[in-house]
Each structure stands twice: as structure tokens, then as C-alpha cells.
Amino acid sequence: MTHPMSSTPTLRNRNRTRVLRTAAVVASAAMVVIATQSGSASAAAEREEGATAITQSAGARAQAIATAQTSAADTARAIGLADEEGLVARDVIKDADGTVHTRYERTYAGLPVLGGDLVVHQKKNGARKTTKANEARIAPGAARTLKAAPAGARQVVWAATGTPVFAYEAVVTGTQADGTPSERHVVTDAATGAELYAYEAIDTGTGTSGYSGTVPIGTTQSGSAYSLSDAARGGHKTYDLNGATSTATGTLFTDADDAWGDGTAANRQTAAVDAHYGAAVTWDFYKTELGRNGIAGDGKAAYSRVHYGNAYVNAFWSDGCFCMTYGDGANNSKPLTSLDVAGHEMSHGLTAATAKLNYSRESGGLNEATSDILGTSVEFFANNSADPGDYLIGEKIDIRGNGTPLRYMDKPSKDGASADYWSKTVGRLDVHNSSGVANHFFYLLSEGSGAKTVNGVAYNSPTYDGSTVTGIGRTKAYKIWYKALSTYMTSTTNYAGARTATLQATADLYGSTGAEYQQVAAAWKAVNVN
């Protein structure tokens, strides 16, 4: 992927002030639920409270997953899987009302089933429903004559598209055209050798910072020195690659006086401050607003690497290292470390830890849109006057060199390539452009259609059918999106599936008869997803 902020997945104030080492970067946004559906305000609040995920400690989550795995065979039989099929528990989310959502990977005769993931939703009273990536029976049939496996490949069952078949998955490493590392996964039919699927697994996309002014950041003192290590947020660390393009971690940033950066790209610490701050705000947003304890929900932090390559105009997330990496931009003068970029990249990790949306066609567009949606939400959550929240993606990094943002959520086609509305061909677009449909949906759901100004930025969002959409507010919109992602979407979810998932999430949070549910349906209709 060569596009900025690609989800290999990549993205494509000057006062020196002492760091507040232990201050939390939390924009205190108290949540007040207004009852817009039928019923009282207290009833609406109770519904949201009941359906909202509770924050689990790392130990409690690990125990829940272990318990789910212990009973996985019984669960497989209970939901009607064949004897040859098994379940591997990957995540457990618990709602305040006692509902448990357990996400599984599936196996067949011991082989991993790609596209076989499913989520079991069990109410406190024992009632159970299942969401599957593929409803087809996983039965590749009698073993055919299989070709020799490519070097280093593993045998799998491919079930994401078409009839399930035995297949091989190989990982080819290298470098993409723009200098981004490449981890290309290629799935081939084990009998015919035909390529079934391929995707790129590298996701592109107080100190004085370059973009966010003077900000508090979490550091750790050891002797007379300080390091960019945030003990309050899972031990997140920020490293200096110093122009390297290897898979090495780099050198941990240290400082003698705990005052970091000067707001200029010439100071190597400045980009580190932005990256470290962005990771902290994203962590706080996940925990405060979504009830999630870190990217993977296990209380463990990712890490950040800055100064990748020479004039590298991109940023990317890698599941392999569980880390974010940032280039310094054109002429090494515009590091890609702005707040929405940091939120975007970390959210690729969130998607990988939840729905695991395939990085191609419509599911790939939803993958990229999720990072744009949550990266934008992080920017608003920060409430930073130096970088006010907006519905523009990458507006600070000037990646095109003409002052325009990378993407627009109110009218995605303004970038010249993204889709405003769904069509039968939208899945053929690059995933950064097919993401426009979901980005447009999120903007309409948050703010509504037509002309308006938010934080000094003018927007004028159209609709496919000329309808008028009334926004329900950004907070409700991102809570709906997150619940849909974490409990109802699977690896193969497309736009029609995203509509179903968000409507179910809305019903859980706000009921199925109120204004929220009606406007979710209206916003999807406005981007031609019916």
C-alpha cells in the first residue's frame, strides 16, 4: 500500500515547559444520556448503562478467556458446529447487564479457518445468539490432491469467500514502493494453486509538541535521567529509529531535565512528544469513553517509533511488533505524528484485536474508516486548543504540500478519489477511498446533513437521496460504532453487514424505537446503504 495512512495499515506553543510527569491527559467529558426515544430519561440511561461494556482488569479478562476456552467444545456443540470443528477463544467482552460477548476463531480438523470467526452473545438468563463471519457449513470435503506448500506456508481452510477449501497461507516480506515495510499475506487454493486472497498486514496510517502545543506526557525517572515511558498507561514507550528502516525497536528517548522538545521538527524530541502524547490521549479515550483497557483490552501498551527512514511520508501500524511507526514527512520537516494520525494508527490495532476486518474490498474500507472515525473522536476528546477537533483527516501534516487535509468526512469525494456513497463497485476502490462511505455515515450520524460550522470549520454534507439527516451527537455515534465493531462485526463484514451491526448496537444502547435507531437507519440510507 502506498497511500498515506495505509493499513499496512499506514496513514499517510513553542515555550519550553517542564513535563507534568504523572498528569493524566484526560479531557473530562461527562456523559449525559438524553432520552430521545419513547420512555423516561432514566430508562434511557439504564439501557445505555446495561449495554455498555464494563472495563475489565487484565487478569479478569485473561481469566474470562481461559474459562471460555475450557468450555469451548461444549459451546461448539451448543451452536451447532460439526464434530471436526473447534473454537479458540480470542476475546471476552462483558456488558453491565450481564451479557457476555465471546469472540472465537474456528478450526477444522485442527487447521485454522480463515473467515470462520464468530461471536457468541449470551444473556444473563442464558439466551444465546451467534454472529458468524460465514454462515456456510465449514466442510472442505474429501481431501483432494494437494500441491506442495509454498516455503514457510501454513495449511489452513479458506472460508471467507465462496465454498470453503483447503488452502495455504504464506507471508512474503519486503518493502513497499514508498518505503513502508511489507508483510503481504497470500492465500492460495491448496489443490489448484490459484490465489484466493492477499492483503498487506502493515497498517499505514510536559513536552512542547509540533502540533498540539505544550502538553503533559507520562515519563519515568531512573536515577538522574527521565525516559518516555508511561507507567500510567500500560508502560507505553517511544523510541528513536534515527533514520533506520529495520524492524529494530530503536533507542528509548531519555532526557536529563524532563523538559522535552521545542515545537520544531529540527529538535528530535518534538516528534516524540507528539507521538507519546497521541498514544496517551488515545489510551485515555478508549478507557474513559469506551471502557477499554488498552488496545487489546489486556492493559498492555503498544509502543511508538519515530524518525523512520529519510523523508518518509507515511505512518503505519504493525500487529507483528504491536507498534506504531512515524516518518518525518517531506524534507523531514512535517513528521506524521499529529493527534488524529496517532489515534488512527492505534485504532488499526483495536480493529485487529476485535473484528479483525479483512484488509480488502468493503471490509478493508470499514477497517480504514474505523481508524478515521476513532482517530477523529480522539482529536475531539483531547479538547486541545492547539489542535481543535474536526472532521478532517491529517489536516495538520500537510501531506500533499498544499495545505489540504488527507480526507474529508462530511463529503469524502472532495479529496478527488473517495466515495461519498455505496455502489456495487465501491469494493474495487483502494481501501482508503472505499472508507469514504462509512466516514460519511459517521459524519451524518454525528452532525447531520447540510451546512454547518463546527470548531470554526465549515461543512456542507450532502445525501444520496436528498434526504435530511438529523445528527445524534458525536459521542453517541462513536459509542455505537465501537459496540458494533467489538461485538457484532467479523472479519468479513461488508457495508450491508455494518448497517446491521450498528443498528443492533444502537438497539442495545438506546433501544430500537427511539430517535437514535431511526437516525442510524437514516444515515445509512443517506449514503445508499439500505
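For this structure, a couple of remarks:
- Matching residues, the range 61-85, being over 19 Å from ALA136 (Cβ atoms), among the small types (Gly, Ala, Ser) and out of contact with any strand residue (DSSP E or B) (no Cβ under 6 Å at 6 or more places or on another chain): ALA62, ALA66, SER71, ALA73, ALA78
- Wholly enclosed helices (runs of 4 or more DSSP H) of the range 396-497 bearing at least 1 residues among the acidic types (Asp, Glu): 436-447
- Flag for GLY218 being on the phi > 0 side of the Ramachandran plot, assigned to a loop (DSSP other than H, G, I, E, B) and at pLDDT 90 or above: no
- Taken over the range 113-144, the criterion of being within 26 Å of ARG61 (Cβ to Cβ), in contact with a Gly (Cβ under 7 Å, 6 or more places away or on another chain) and buried (at least 21 other Cβ atoms within 10 Å of the Cβ) is satisfied by ALA133 alone.
- The range 194-213, residues that are modelled with pLDDT under 90 and open to solvent by 30 Å² or more (accessible area, probe 1.4 Å): TYR199, GLY210
- All of (1) modelled with pLDDT under 95; (2) of a type in the set (Asp, Glu); (3) not in a loop (DSSP other than H, G, I, E, B) hold for GLU362 with one exception: (1).
- Residue list for the range 450-469, restricted to those being exposed (fewer than 15 other Cβ atoms within 10 Å of the Cβ) and among the hydroxyl-bearing types (Ser, Thr, Tyr): THR453, SER467, THR468
- Considering residues of the range 276-302 that are in contact with a Leu (Cβ under 9 Å, 6 or more places away or on another chain) and within 26 Å of GLY223 (Cβ to Cβ) only, the residue surrounded by the most Cβ atoms within 10 Å (Cβ to Cβ): HIS276
- Considering ALA296, ALA191, the condition of being hydrophobic (A, V, I, L, M, F, W, C), modelled with pLDDT under 95 and touching a Ser or Thr at 6+ places or on another chain (Cβ under 7 Å) is satisfied by ALA191 alone.
- Long-range neighbours under 7 Å by Cβ, at least six apart or interchain, first residue part of a loop (DSSP other than H, G, I, E, B) within the range 335-354, second open to solvent by less than 10 Å² (accessible area, probe 1.4 Å) and of a type in the set (Phe, Trp, Tyr): PRO335/TYR326; LEU336/TYR326; THR337/TYR326
- Total residues in the range 244-290, condition assigned to a helix (DSSP H, G or I), more than 15 Å from ASP387 (Cβ to Cβ) and charged (D, E, K, R): 4
- The range 483-528: number of residues that are open to solvent by less than 10 Å² (accessible area, probe 1.4 Å), aliphatic (A, V, I, L, M) and over 25 Å from VAL92 (Cα atoms): 4
- Evaluation of ARG474 against (1) open to solvent by 10 Å² or more (accessible area, probe 1.4 Å); (2) over 20 Å from the mean Cα position of the chain (by Cα); (3) not aliphatic (A, V, I, L, M) (one fails), failing number: (2)
- For the range 365-389, residues that are part of a loop (DSSP other than H, G, I, E, B) and open to solvent by 10 Å² or more (accessible area, probe 1.4 Å) total 5.
The values are calculated or read from the model by the stated rules, or taken from the named source; none is laboratory data. None of the values given here were measured: they were computed from a predicted structure. Cβ coordinates were reconstructed from backbone atoms using ideal geometry, including for glycine residues, and neighbour counts include every protein chain displayed. Ligands, DNA and RNA are excluded from the accessible area calculation, which covers all protein heavy atoms including side chains. Shrake-Rupley method; radii C 1.70, N 1.55, O 1.52, S 1.80 Å.
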